[in-house]
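Beneath this line is the structure, given in structure tokens, with notes to follow.
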Amino acid sequence: PTYSPDMNACDYALWDEVERRMSEQVAPKHETREQFKARLRRTAFGIPKDVVLNMLGSMVGRTQCIYEENGGHIPRD
């Protein structure tokens with residue numbers, strides 16, 4: 001399916017992980033936009049490689065499920 005989050009590891013897994021890690025942090029009281037962007041960048045790049053590879057590795061199974069559903073939506077993991 002066009003623009004499907006089921007086919008994009010960043011949409012369905014990576015951004016969830018970044019958001020979870022960001023919410024666990026205590027943000028500075030008067031964080032500027034630039035400080036936020038720097039914290040976001042550090043958080044995203046700080047995700048361990050094995051976590052990212054696991055997310056990407058799940059794409060094989062997700063792709064098979066989409067094929068079996070004739071391009072329809074599939075259940076979330």
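Each of residue 24 and residue 38 was given a label point 7 Å from its Cα along the Cα-to-Cβ line. The distance between the two points is 2.3 nm. On the basis of the beta-carbon distance and an R0 of 22 Å, residue 17 and residue 64 show a calculated FRET efficiency of 0.45.
Label-to-label distance for residue 56 and residue 31 is 2.7 nm, based on points extended 7 Å past Cα in the beta-carbon direction. Stokes-Einstein diffusion for the range 17-77, with the hydrodynamic radius set to the Kirkwood value over Cα pairs and evaluated at 20 °C in a medium of 1.002 mPa s, equals 152 µm²/s.
Throughout, read-outs are computed from the coordinates displayed, never taken from laboratory work. These numbers were taken from a predicted model, which means no experiment stands behind them. Here the Cβ is made from the backbone with ideal geometry for all residues, glycine too, and neighbour counts use every protein chain on show.
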